[in-house]
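> What follows is a single structure, and I will ask about it in a moment.
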Amino acid sequence: MKKTLVLSLFQLFLIGCNLLENNKTDFVYLNSSRSKPFTFSIFEDDNMYFSFAIISDLTGGEREGVFEKAIVNLNYINPKFTMSVGDLIEGGTRDFKIIEDQWFSFNKRLKKLDSPFFYVGGNHDLSSNEMKDFWEKNIGPTYYHFLYKDVLFLILNSEDYSEERMEKIFQARESALKISSGKIEGNFEETDYFKMSERSYGDISFEQIEYFKKVLNKYKNVRWTFLFMHKPLWKNEKNKKFSQLEDLMKNRNYSIFNGHDHSFSTKIINDQIYTTLSTTGGSQNSSNSNVFDQITLISMRDRPYTTHLKLNEILNY
């Protein structure tokens, strides 16, 4: 009798293990980092259709109240989760206390958002080696991926430089900003910073490329692939690093979203849509008709159905 009971329990254990093994979870994030680059996990459900939202640049001359308005609208829309494309704090510093205070302020404001939020680093968030160190210790990896309902999400770090290059860019930027703000005399367009390709396009390390190559090779048959980055790595024709990832994606459907330019545009490349978002509170050039505060809603069905919503034209009741 005891032998039969033990055998039955063992069989039940094996069946349970089998069920766990075969039961695919909706949300998959695999990383050993203590800090996680999102606020909380996405809830599970049985429907393969889902929607998610994207906010664009918040800083780089933030205008008061816009981000708060975006959160109110996001909570009305109720996406499954919310993505970003970087520039969440003002940054531009090495001072730990300032970095800590800015992130504390942003995260306090973010608590009003009902949906899980995924962090993407911009040049204002990762301006210095000290800011990168703070991010890795308190937010998580600067680049990562996750899978949700068989859709792959790649979060890239477009400020991925060596420590030496990061320091050189920081110093050049600091000097150039003194000129543009009128603190010292000079022509901004003649500064070293203005001439750096990283100012417009950023850069990506070979380690990051290898990381995403492995991810893309692991998940070859997903329904869709989304890429999020701050600066448009794909626009730099002189730097072919990012094109290695594009080559790997030739036989799949994907969409790319970036920020940084504070001006909305879309482009078709390799039959896929590349979108540069405008702002969600960041500084604006009033003479540019493609500049507006926005949130983006994507309904993922057989393919992504994308709606760009101007914040000043949304009515909630």
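> Tell me which residues come under 5 Å, amide H to amide H, from Ser84 once H is placed; ignore anything under 5 positions away on its chain.
Under 5 Å from the amide H of Ser84 lie the amide H atoms of Ile55, Phe118, Val120, each far enough along the sequence or on another chain.
> Let me ask something additional. By the gyration tensor of its Cα atoms, with a ≥ b ≥ c the square roots of the eigenvalues, what is the shape of segment 223-268: rounded for a/c under 1.5, prolate for a/b over b/c, or oblate?
Because a/c hits 1.5 or more and a/b fails to exceed b/c, segment 223-268 counts as oblate.
> Follow-up question, since we're still on this one. Among bridges DSSP assigns within segment 171-292, what percent are antiparallel (round to 5)?
Among the beta bridges of segment 171-292, antiparallel pairing accounts for roughly 35 percent.
> Return, for the Cα atoms of segment 159-266, the radius of gyration and Dmax in Å, separated by a comma.
Rg, Dmax (Cα atoms, Å): 16.9, 56.
> If you build the Cα gyration tensor of segment 20-115 and take the root of 5 times each eigenvalue, what three semi-axes come out, in whole angstrom, biggest first?
29, 19, 10
> What is the pair-distance distribution P(r) of segment 244-293, computed from all Cα-Cα distances in 10 Å bins starting at 0, with each bin given as a whole percent?
25, 41, 22, 11, 0
> Moving on. How long are the three semi-axes of the equivalent ellipsoid for segment 127-196, computed from the Cα gyration tensor as the root of 5 times each eigenvalue, in whole Å, largest first?
Computed over segment 127-196, the values are 33, 14, 10 Å.
> Rounded to a whole number, what is D in µm²/s for the chain from Stokes-Einstein with the Kirkwood radius over alpha-carbon pairs (25 °C, 0.890 mPa s)?
Estimated diffusion coefficient is 117 µm²/s.
> Sticking with this structure for a sec: How big is segment 214-317 by Rg and Dmax over its Cα atoms, in Å?
Using the Cα atoms of segment 214-317, the pair Rg, Dmax is 15.4, 49 Å.
> Considering the chain as a Gaussian network with a 10 Å cut-off on Cα pairs, which listed residue, Ser33, Ser128, Ser181, attains the greatest mean-square fluctuation?
Ser181
> Got the relative contact order for the chain handy, in percent, Cα pairs under 8 Å and 6 or more residues apart?
Here the relative contact order equals 21 percent.
> Could you list the GluC sites (Glu not before Pro) in segment 185-237 that lie in coil according to DSSP, counting only those with at most 13 other Cβ atoms within 10 Å of their Cβ?
Filter output for segment 185-237: Glu185, Glu237.
> Pick from Thr266, Thr93, Thr225 the residue whose mean-square fluctuation is largest in a GNM of the chain, springs joining Cα atoms under 10 Å.
In this elastic network of the chain, the residue with the biggest mean-square fluctuation among Thr266, Thr93, Thr225 is Thr266.
> Please list, in order, the residues from segment 64-95 whose amide nitrogen is less than 17 Å from a point placed 7 Å along the Cα→Cβ vector of Arg301.
In segment 64-95, the label zone of Arg301 (backbone N under 17 Å from the point 7 Å along Cα→Cβ) covers 80.
> Springs between alpha-carbon pairs under 10 angstrom, Gaussian network model over the chain: which of Gly65, Gly259, Gly91 fluctuates most?
Gly65
> Which of the three applies to segment 105-164, rounded, prolate or oblate, going by the alpha-carbon gyration tensor with a ≥ b ≥ c and a/c under 1.5 meaning rounded?
Oblate, because a/c is 1.5 or more while a/b does not exceed b/c.
> With everything on Cα atoms, drop me the angle between helix 2-22 and the longest principal axis of the chain, reported from 0 to 90° to the nearest 10.
30 degrees
> Nearest 20 debye, what's the magnitude of the dipole of segment 186-228 about its Cα centre given +1 on Lys and Arg Cβ and -1 on Asp and Glu Cβ?
The calculation lands at about 620 debye.
> Still on this structure, please answer the following. How much space per residue, in cubic angstrom, does the convex hull of the C-alpha atoms of segment 35-77 take up?
Convex hull volume per residue, Cα atoms: 114 Å³.
> What nm distance separates the two modelled labels at Lys97 and Lys267, each placed 7 Å from Cα along Cα→Cβ?
Result: 4.4 nm between the two label points.
> Something else: Under the rule of at least 5 residues apart or a separate chain, name every residue whose amide H is placed under 5 Å from the amide H of Ile89.
The list, which skips near neighbours in sequence, is Asp125.
> Using a Förster distance of 30 Å, how high is the FRET efficiency between Ser175 and Asn107, based on the Cβ-Cβ distance and rounded to 0.05?
The calculated FRET efficiency here is 0.45.
> Between Asn239 and Lys218, what is the label-to-label distance in nm when each label sits 7 Å out along the Cα-to-Cβ direction?
2.5 nm
> If you don't mind, another one. Once you list every other residue whose beta carbon is under 9 Å from the beta carbon of Ser283, what net charge do they have if Lys and Arg are +1 and Asp and Glu are -1?
-1
Computed from the coordinates by the stated procedures, all read-outs in this text should not be read as laboratory data. All values derive from a computational prediction rather than experimental measurement. Cβ: placed from backbone, ideal geometry, glycine included. Neighbour counts: every protein chain shown.
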